[in-house]
Structure formats: C-alpha cells, structure tokens
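One structure is given here, and the rest of the page talks about it.
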C-alpha cells in the first residue's frame with residue numbers, strides 16, 4: 001500500500017466519511033422516495049383493478065337484469081339486436097344435454113345466472129362467420145412469454161347470461177341464453193379506461209391501460225404496440241402467467257407491457273365453476289413516477305453536494321491544524337527509533353490535547369533514556385557473570401570428566417574380580433556404585449556440551465562415515481550391558497550401506513542419548529528398534545522403544561533445557577538432568593536436520609534427520625543385525 005502524509009490521509013479520511021455518509025443518506029433517501037412513490041402507485045393500481053372489476057361485473061349484471069325482463073313470447077332476433085349481444089339462443093329441455101354452457105345447465109336447474117365462460121372454436125363457428133372471424137386472433141411473438149407453437153387463438157371468452165322459463169307445474173321447459181364475445185370487444189376495455197383513468201396521457205402515452213386475457217393471450221386491450229395499434233394477440237410474461245393462471249394468485253408488481261414499464265395489477269378471471277379461464281389486468285405507466293423520483297433526487301443530491309463541498313473545506317483546515325504537530329511527533333519518534341533518546345518536541349500549540357501529548361512524550365523519552373543507561377550497565381554486568389559461569393561449568397566439567405573416567409575404570413575392575421574375588425553382596429553394591437558413576441559421568445558430559453553450546457563453541461568436524469558401523473553399532477555395544485540387565489532386545493535395522501556426512505563424535509552422543517533413554521524409560525523385557533529411511537532431507541533415523549506412550553503435554557516439554565518429566569518405570573522413579581534431549585536436538589539442528597517425538601500405540605519413537613553423503617561407499621552382505629540380551 002502506498003504511503004502518504006498524515007495531512008493527505010486526514011483530508012482523504014474526512015472526504016471518505018463525507019462521501020460514505022452522503023452515499024448512505026442518498027441511498028436511504030432514494031429507497032424511501034422510491035418505496036413511497038411506487039407503493040402509492042402500486043396501491044393505486046390495486047384499487048384501479050378493483051374498479052375495473054366492478055365495471056366488468058357491472059356489464060354482466062346489467063345484461064342479467066335485461067334478461068330478467070324478457071318473456072317467453074319475445075322474439076330472440078329482435079332481443080339480440082336490442083341488447084347488443086353477439087349471440088342469443090333458446091334451448092328446449094329435450095336438448096339441454098347437448099348444451100356446452102354451465103350457465104345454461106344452471107338455468108335448467110331453475111336458477112337464472114350470468115358469468116364468464118370459454119367458447120371453443122366449434123361453438124363459435126356455429127354462431128356464424130362474423131362472430132367466428134372476430135373471435136379468432138393471430139398470436140404475436142412476445143418477449144418473456146412462455147414458448148408456444150400455436151399461431152392463432154380460435155377460442156373465446158364470453159360474458160353470458162341465461163334465464164329459465166317455467167310451465168304451469170313449475171318445470172323449466174326452455175332456457176334463453178346469450179352473451180357478448182370478449183375477444184376484440186374494445187368498447188368494454190375503453191369504457192373501463194375512461195371510467196378509471198379519465199383518458200389521461202403522459203408524453204402522448206396513456207397513463208393507464210386495461211387488458212383482458214384469454215389464458216395468456218390479449219383478446220381485448222387498449223395497450224398499443226410499436227406501430228400504435230392495439231396489441232391484440234400479444235401474450236403475458238411467463239412469470240405473471242405462472243403466478244396468476246397456474247397458481248391462481250394476484251400479481252402486484254412492475255412489469256414490461258409490450259413497449260413500456262407499468263406498475264401492474266393482475267388477477268385471474270374465473271368461470272361460474274371457479275376454473276381460471278383468463279386474466280384481468282390494469283396498469284399505470286411507470287415513467288411519470290420515475291421522473292418524479294429523478295427530479296426529487298436531483299434536488300436532494302444538489303444539496304448534498306453543496307454540503308460536501310463546505311465540509312471538505314472545513315476538513316482541509318482541520319487536517320492542517322492537526323497534521324503540523326503530528327509531523328513533529330513523527331520526526332521525534334524516528335529519532336528515538338534511531339537511538340537518539342535526547343530528542344524532545346515542542347510543547348506549545350493551539351490544541352490542548354496535543355500539547356499535553358507533547359509533555360507526556362518528552363517525559364517518556366527522558367525515562368527511556370534513563371532506563372537505557374541502566375539496562376546497558378546491567379547487561380554489561382550480566383555478560384561478565386555469564387562468561388564466568390560458562391567458564392566455571394566448562395572447567396569443572398572437564399576436570400570431573402577425567403576423574404570420573406578413572407574412578408569408573410577402577411570400580412569396574414574391582415567389581416569384575418580382576419583384583420580378587422568379591423562376594424555377591426559386594427558385587428551388588430559395586431554395581432550400584434558403577435551405575436551412579438556412569439550417571440554422574442553422563443551428567444558431566446552433558447554439562448560440558450551445554451557449556452560449548454551456550455558459548456557457541458560447538459563446532460562441527462564433518463566426515464563421511466557409515467551410519468551403522470561407526471555410530472549405531474558403537475552405541476549399541478556401549479549400552480549392551482544395560483539392555484541385558486533389563487532383558488531388552490535391541491534390533492538394529494540400519495543398512496550397512498548408508499553413508500552420512502556428520503561429526504561422528506557428536507552424532508554418537510545423539511544416538512547414545514536416545515538409546516540410553518530408550519533403555520532407561522522402557523519397561524523390562526521390552527524391545528528397542530533402530531531403523532532407517534530416506535526423504536528429501538537425507539537420512540531419517542528412528543529409535544523406537546516399547547513402553548507407555550507420552551502425552552502431548554509431555555512431548556511439548558521434552559526438548560527444553562533442564563526440563564525433566566516425572567516418570568517411573570516398573571515402580572521405580574527414573575532420574576535425569578533434563579539436558580540430553582536438548583543437546584541432541586541442538587546437535588542435529590547444527591547438522592541441518594530436525595528431531596521430534598511420535599507416540600505410538602505401545603511405545604514412543606524418537607526420529608531425526610541428517611544429511612547423507614553424495615555417494616554411498618559402504619557395503620556389506622548383512623542388512624540386519626540384532627542384539628538380543630534377554
């Protein structure tokens with residue numbers, strides 16, 4: 001990220017706050033205005049749909065009232081002309097079953113009624129060519145409508161009424177029924193439009209539109225297409241159709257109607273049996289409302305812009321007043337970081353808090369200076385003491401190493417009877433002395449190596465040696481007696497051909513530590529397996545011993561300096577200096593490898609990696625050597 005001055009950052013921060021707050025308030029205002037305007041318009045569309053439905057139902061009601069005034073002696077042809085019907089028929093009781101109209105069937109049951117129904121192409125054809133040709137509508141390609149292979153609509157919706165006539169016994173002898181075909185009935189939608197929208201225009205476009213659909217096809221509408229003609233034969237969108245016709249639910253939302261966006265209201269048209277046969281639609285042109293929203297928001301954002309400009313000027317002046325003293329603070333901290341603890345900042349200024357901060361900063365710098373001087377003196381004293389401590393540890397360890405070697409040799413000579421026969425009780429006591437001396441000798445060696453590590457004098461003298469013959473076999477031989485005493489089997493699976501580039505004496509210390517720990521912490525009559533593998537880092541050596549698996553908490557403490565685990569084997573507490581694994585890990589890492597511990601189901605494996613030779617020069621006929629002292 002590119003750095004910038006504090007003045008620039010403050011100004012940009014202020015401007016960002018202004019812009020974000022302006023954008024949030026603008027977005028909130030936009031949504032508020034839009035929701036208010038659009039919701040009001042949508043509610044208006046819903047109310048307009050109710051009004052349009054009232055007009056539509058009024059047409060049917062008016063027709064039904066006229067039918068109620070008809071007598072059985074009236075001339076049907078004259079009545080058809082007087083009532084302005086598209087069809088009018090008289091059905092005798094004897095042929096009532098051939099009638100397809102449910103409205104007529106209800107009339108034969110003795111109930112005069114009216115409603116909307118579907119008329120198929122065959123029935124339309126029987127009504128005459130004029131009715132049939134007006135009812136047939138060519139389908140137009142319509143975006144967002146359901147795909148269809150049909151090219152023409154040959155069925156129709158009709159507003160129909162039926163009146164029964166009774167004989168002296170009260171039985172229906174005939175039914176008079178008739179109606180108006182809604183297909184192409186523009187007078188109906190224009191009447192609804194004039195009543196609901198008062199023929200208002202907006203930029204030469206009608207403010208409101210009314211449409212009646214047969215299924216998803218416009219059969220009567222005042223919606224105009226691109227050429228200015230009524231959009232008969234166009235179809236409703238798939239989303240509206242699925243909601244209104246398929247699910248029988250009203251639709252209240254904005255929709256693209258042929259050429260423009262409208263705030264629309266759709267509801268299903270049902271026949272007398274409740275089946276959905278079409279859709280009733282009214283829509284209010286969206287453009288007037290969007291223009292209202294746009295003009296309102298333009299005025300609002302103009303006010304926001306003026307306020308932002310004024311706030312930007314104030315932010316610039318405020319940023320300058322803050323940036324100057326902060327710049328001085330930045331210079332002072334850079335000097336402190338560079339080691340100049342004598343630098344101080346000015347304590348006078350127009351901002352009280354910054355002046356107080358300057359006083360605190362100067363006080364802090366003074367105390368840091370004093371503390372730095374004190375720490376320097378203490379560090380010099382500690383360095384002298386640490387050097388003396390390491391010299392003392394190295395000197396004492398070195399002197400004790402020679403004395404212990406001679407003492408162990410003489411004690412073993414007496415114990416093994418080379419200076420005369422010893423009794424079993426004496427041999428047992430001498431065994432205990434030898435074990436203690438060997439532990440003491442190992443402790444001295446660890447402290448000597450610790451001194452070398454702490455003084456960074458643990459230098460490596462690398463040579464190419466056989467991992468098995470020069471290191472692992474030597475360690476196994478050294479600990480053969482201890483393994484024999486605990487009846488532990490040592491299995492050496494390291495191939496003789498493996499050549500490694502290491503400091504042999506230091507790597508022998510590592511294997512001695514691991515093998516000694518495996519015998520010390522492994523249970524009696526157990527097993528130790530030393531194996532080898534290879535990876536990208538070089539040779540991988542694993543020393544596994546049977547016993548109780550270590551916990552995660554114990555593994556976390558294994559390789560720390562002077563960290564000793566509270567462990568017991570076969571009921572006896574096992575002691576240690578807490579240095580062996582620490583020194584082993586340090587040695588392996590000095591060689592460029594790593595060391596870790598993995599608990600297994602019946603024991604623990606200590607694993608380390610060391611670099612291999614460029615070429616392997618050690619070969620032998622035997623691949624596995626097993627030491628069994630059980």
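The values are calculated or read from the model by the stated rules, or taken from the named source; none is laboratory data. The structure presented is a predicted model; accordingly, all values stated were derived computationally and were not measured. Cβ atoms come from the backbone with ideal geometry, glycine included; neighbour counts cover every protein chain shown.
When 216, 226 are checked against the criterion of being farther than 26 Å from residue 57 by Cβ and either assigned by TED's automatic domain parsing to the domain that holds residue 145 or out of contact with any helix residue (DSSP H, G or I) (no Cβ under 7 Å at 6 or more places or on another chain) (or both), a single residue qualifies: 226. In region 63-70, is there at least one residue being modelled with pLDDT of 85 or more, assigned to a helix (DSSP H, G or I), out of contact with any helix residue (DSSP H, G or I) (no Cβ under 6 Å at 6 or more places or on another chain) and within 30 Å of residue 283 (Cβ to Cβ)? For region 63-70, residues modelled with pLDDT of 85 or more, assigned to a helix (DSSP H, G or I), out of contact with any helix residue (DSSP H, G or I) (no Cβ under 6 Å at 6 or more places or on another chain) and within 30 Å of residue 283 (Cβ to Cβ): present. Residue 273 passes every criterion in (1) touching a helix residue (DSSP H, G or I) at 6+ places or on another chain (Cβ under 7 Å); (2) surrounded by 14 or more Cβ atoms within 10 Å (Cβ to Cβ); (3) in the same structural domain as residue 198 (by TED's automatic domain parsing) apart from (2). Among residues of region 119-130 being closer than 16 Å to residue 178 by Cβ and surrounded by fewer than 21 Cβ atoms within 10 Å (Cβ to Cβ), the one that is nearest to the chain's Cα centre (by Cα) is 123. Within the set 266, 241, 262, the sole residue that is assigned by TED's automatic domain parsing to the domain that holds residue 51, at pLDDT 90 or above and either in contact with a helix residue (DSSP H, G or I) (Cβ under 9 Å, 6 or more places away or on another chain) or assigned to a strand (DSSP E or B) (or both) turns out to be 266.
When region 68-99 is filtered for residues that are more than 22 Å from residue 128 (Cα to Cα) and touching a strand residue (DSSP E or B) at 6+ places or on another chain (Cβ under 7 Å), the ones remaining, listed by number, are 68, 70, 72, 93. If I go through region 481-510 residue by residue, how many of them are farther than 20 Å from residue 538 by Cα, without any contact (Cβ under 8 Å) to a residue 60 or more places away in the chain and assigned to a loop (DSSP other than H, G, I, E, B)? Looking only at that region, the number is 1. When the test is whether a residue is surrounded by 23 or more Cβ atoms within 10 Å (Cβ to Cβ) and at pLDDT 90 or above, residue 176 passes it.
Hey, any hits in region 31-47 for a residue that's farther than 30 Å from residue 301 by Cα, touching a residue at least 60 places away in the same chain (Cβ under 8 Å) and touching a helix residue (DSSP H, G or I) at 6+ places or on another chain (Cβ under 8 Å)? The answer is no, given that none of the residues of region 31-47 is farther than 30 Å from residue 301 by Cα, touching a residue at least 60 places away in the same chain (Cβ under 8 Å) and touching a helix residue (DSSP H, G or I) at 6+ places or on another chain (Cβ under 8 Å).
The sole residue among 393, 408, 422 that is out of contact with any strand residue (DSSP E or B) (no Cβ under 8 Å at 6 or more places or on another chain), surrounded by 12 or more Cβ atoms within 10 Å (Cβ to Cβ), in a helix (DSSP H, G or I) and at pLDDT 65 or above is 408. Every condition in (1) without any contact (Cβ under 8 Å) to a residue 60 or more places away in the chain; (2) outside the structural domain of residue 114 (by TED's automatic domain parsing) holds for residue 297 except the one numbered (1).
Yes or no, residue by residue, for (1) over 21 Å from residue 601 (Cα atoms); (2) in contact with a helix residue (DSSP H, G or I) (Cβ under 8 Å, 6 or more places away or on another chain); (3) surrounded by fewer than 20 Cβ atoms within 10 Å (Cβ to Cβ):
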| position | (1), (2), (3) |
| --- | --- |
| 481 | yes, no, yes |
| 490 | no, yes, no |
| 495 | yes, yes, yes |
| 511 | yes, yes, no |
| 515 | no, yes, no |
| 518 | no, no, no |
| 522 | no, no, no |
| 529 | no, no, yes |
| 535 | yes, no, yes |
